[in-house]
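Read through the structure below, which is laid out as structure tokens, and then see the notes.
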Amino acid sequence: MVAVSPLAGSAAGAQRFFRADAPEPVIRNVPYDGRFVFARLKYTTAPGGFYYMGLPAWAHGYQKAENNLVRIVQAISKARPVLDASNVFALDDPLLFRFPVAYMSEAGYWTMTDKEAAGLRAYFKKGGFVIFDDFRDDSRNVTGGWLNFTTQMKRVIPDVRFFDLEPSHPIFHSFFEINSLSIIPQYYDRGAPILRAVYEDNDPRKRMIAIINFNTDVSNFWEFSGQGSNIVSGENEAYKLGVNYVVYALTH
């Protein structure tokens, strides 16, 4: 991402993001009625994960990011999702099984109990698809970034393997044609975005059960869409990815 405003790296920009005055988010889940509802995964945040406006890491961008994405899904596809609503579930909440697509923010700060690990394992086995977004290896993330993510995933799937994706993968052509994976860099991430996948039984010929947006923050583009802090092209490309993820998950 290219920041339009010079405030992105200034004291004013820092105050915008690194405050500690936000209350714990109020969760108001909507009941299942067969329509698509964006589901976010809630977890206990490791130390350091409250840096963004004082929010726990799982809630970064909640609910603005998903509400904006779902409006795009509704506007350009035949899906009729529930608008202005986003459900939040613990990993071991049985109600999560009613929602085929789930999202996790800041997996570098993700911690969980054994019961939650078993719950997420069951979700994958039942056909669930998870989007892991917004994490990286840097000095701020003292809990480990990619190392913490892989450690937690191995508690869910002990023999899990991670596969680097190429633009030829069907997920990047499920709705929009996306032919480059370098389209969603963030100004606060060093290096190129890396998109990886986890497959059922570690077999790329089978169903993808998770996509991993590493070293980037796709939902940041959704969250601040239309506010002038991102270039429009970056927002557009991030929406394309989000729509493709949802469409792929709902059709596989």
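Take residue 80 and tell me if it is basic (Lys, Arg), in contact (Cβ under 8 Å) with a residue 12 or more places away in the chain and in contact with a Lys or Arg (Cβ under 8 Å, 6 or more places away or on another chain). Before the answer, list the steps.
On the way: basic (Lys, Arg): yes; in contact (Cβ under 8 Å) with a residue 12 or more places away in the chain: yes; in contact with a Lys or Arg (Cβ under 8 Å, 6 or more places away or on another chain): yes.
Yes, satisfied.
With respect to the conditions (1) at pLDDT 95 or above; (2) surrounded by 14 or more Cβ atoms within 10 Å (Cβ to Cβ), residue 25 falls short on a single one, namely (1).
Among the residues of segment 76-105, those that are modelled with pLDDT under 95 and either of a type in the set (Gly, Ala, Ser) or part of a loop (DSSP other than H, G, I, E, B) (or both) comprise 77, 78, 79, 80, 81, 82, 83, 84, 85, 86.
What number of residues in segment 118-129 are among the small types (Gly, Ala, Ser) and over 13 Å from residue 94 (Cα atoms)?
Looking only at segment 118-129, we keep the residues that are among the small types (Gly, Ala, Ser), and these are 118-119, 122, 127-128.
Right, trim to over 13 Å from residue 94 (Cα atoms) and you get 127.
Here the count works out to 1.
Residue 182 satisfies every condition listed in (1) assigned to a helix (DSSP H, G or I); (2) within 27 Å of residue 73 (Cα to Cα) except (1).
Residue by residue, here is whether (1) crowded, with 21+ Cβ neighbours inside 10 Å; (2) closer than 22 Å to residue 40 by Cβ; (3) modelled with pLDDT of 95 or more holds:
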| residue | (1), (2), (3) |
| --- | --- |
| 132 | yes, yes, yes |
| 195 | yes, yes, yes |
| 206 | no, no, yes |
| 224 | no, yes, no |
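In segment 30-54, the qualifying residues are those that are of a type outside the set (A, V, I, L, M) and exposed (fewer than 15 other Cβ atoms within 10 Å of the Cβ), and the one that is farthest from residue 69 (Cα to Cα) is 47. Being farther than 23 Å from residue 205 by Cα and aliphatic (A, V, I, L, M) holds for only one residue in 104, 153, and it is 104.
The values are calculated or read from the model by the stated rules, or taken from the named source; none is laboratory data. As the structure is a prediction and not an experimental result, all values here were calculated from the model. So basically every Cβ, Gly included, is an ideal-geometry build from the backbone, and we count neighbours across all protein chains shown.
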